[in-house]
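Q: Questions regarding the structure given below will be posed in turn.
The values are calculated or read from the model by the stated rules, or taken from the named source; none is laboratory data. Quick caveat: nothing in here was measured; it's all calculated off a predicted structure. Note that we place each Cβ from the backbone using ideal geometry, even for glycine, and neighbour counts take in every protein chain shown. What goes into the accessible areas is simple: the full protein's heavy atoms, side chains included, and nothing from ligands, DNA or RNA. Shrake-Rupley method; radii C 1.70, N 1.55, O 1.52, S 1.80 Å.
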Amino acid sequence: MDSKQNQITPGQLIEFIVSIQIGVGALTMPADLARTCGHDGWISILIYGTTITAVISIIIKLMNRYNNKSIYEINKLLYGKYLAGFLNLLIVLYLWYSTCLILRSYTNVVHVHLLRSTPSLVLCIFIIIPTYYLSWYGIKYVARFSLSIYLSISFACILFFLVFKDLRFSFLMPIGQGGIKCIKDSFSPCVFAFLGYEVISIIYPEITNKKKAMKYAISANLITTIFCILLVLVVTSFFGEEFLKKSLYPTFTLARSYRAPIIERMDILFIAMWIPVMAMTTRGYFCVTYYSINKLLNLKKKGIYLFMFTAITIFLSNIPKSLSQIDKYSKVMLVSGTAFSIFLVVCYLFSFIRKRGVKPFV
């Protein structure tokens, strides 16, 4: 990839991060939270969203301590050539694993709700074609396309407004009933919904105005937090926690429950508006993974290696055969993403001990 093809503005950084965070996870999160903490899921989102904002600020501070370097190059300065090579390999494997799993989750949503007779492999191939095309041109073009995330979020907010008269806020009472235990149990669905912010440590050198990176990265997470809180509040107030515990994709069920004067199947329209969101989550991880491989191996023949990377991704994404297997693999992604975030915090602290490559007066 040419360097200019990967450069993004701070504004595009917001769209890129939000599009990765809000995707498949937002579809299942209300049901997962209902099973773990009842009707207090929005409190958990607020707490974990605030915590992740702090983690993002630490990641940006780590990046600022070095001169235009990604976590791959920082690892070499902190841990040496060989250990850094192993750590960088783990990071790439995590990103690739996430790409395959999210692609499979996306395919499953389309298979269940739209094209039930179409094999998952066929769906996967057609789904990944636009991702392949945009990734060919670089992160800049993927980030530009991510602007459409605002259209999908706006449509979801319109749906929330339309069902507002049917909401029963008594379903949210009493507030805080689950206590600390429920907040602790809700760690998995909350953090899984926010994963995506960690790619900042990889694409940071491509941000054109790094002075605004902190503000815009935190703004991206704030948008995700507000939307997720609003989503959980509306869905819980509409269905109640007992119904949510038995639901698979309650957000689609909400759209199906609304009776529009003209539109017969509101859920089909909502799915059509949400498909780009799920595609952008897949596309973000896909592009960052290929960018990482290209950066570490310095690949020359882009067309051949991108095709090979795409083919292997399609093959690996079809390993999970059922929803239960997808959930099982999702737990591995959650643990890996959490470990990666903790690792970035450790790197920041360790940079005060091993100051090789650190910019002065930072």
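Q: Consider residue 338 carefully, then state whether it is surrounded by 13 or more Cβ atoms within 10 Å (Cβ to Cβ) and closer than 26 Å to residue 51 by Cβ.
A: Criteria met by residue 338.
Q: Oh, and also: Can you give me the number of residues within the stretch 203-215 that are within 20 Å of the chain's Cα centre (by Cα) and open to solvent by 40 Å² or more (accessible area, probe 1.4 Å)?
A: 2
Q: Exactly one condition in (1) more than 27 Å from residue 341 (Cα to Cα); (2) in contact with a strand residue (DSSP E or B) (Cβ under 7 Å, 6 or more places away or on another chain) is not met by residue 207; state its number.
A: Failed condition: (1).
Q: From 153, 200, 226, 183, grab the single residue that is at pLDDT 90 or above, open to solvent by less than 60 Å² (accessible area, probe 1.4 Å) and either in contact with a helix residue (DSSP H, G or I) (Cβ under 9 Å, 6 or more places away or on another chain) or of a type outside the set (A, V, I, L, M) (or both).
A: 200
For every residue, the table says whether it meets (1) of a type in the set (D, E, K, R); (2) surrounded by 18 or more Cβ atoms within 10 Å (Cβ to Cβ); (3) farther than 30 Å from residue 161 by Cβ.
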residue: 268; (1), (2), (3): no, no, no
residue: 292; (1), (2), (3): no, yes, yes
residue: 307; (1), (2), (3): no, no, yes
residue: 356; (1), (2), (3): yes, no, yes
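Q: Now, a different point. For the stretch 1-85, please list each of the helices (runs of 4 or more DSSP H) lying entirely inside it that holds at least 2 residues being out of contact with any Pro (no Cβ under 8 Å at 6 or more places or on another chain) and either open to solvent by 50 Å² or more (accessible area, probe 1.4 Å) or at pLDDT 90 or above (or both).
A: Correct list: 10-21, 41-64, 71-79.
Q: Of all residues in the stretch 113-129, count the ones that are in contact (Cβ under 8 Å) with a residue 60 or more places away in the chain and either part of a helix (DSSP H, G or I) or under 21 Å from the mean Cα position of the chain (by Cα) (or both).
A: Residues flagged as in contact (Cβ under 8 Å) with a residue 60 or more places away in the chain and either part of a helix (DSSP H, G or I) or under 21 Å from the mean Cα position of the chain (by Cα) (or both) within the stretch 113-129 amount to 7.
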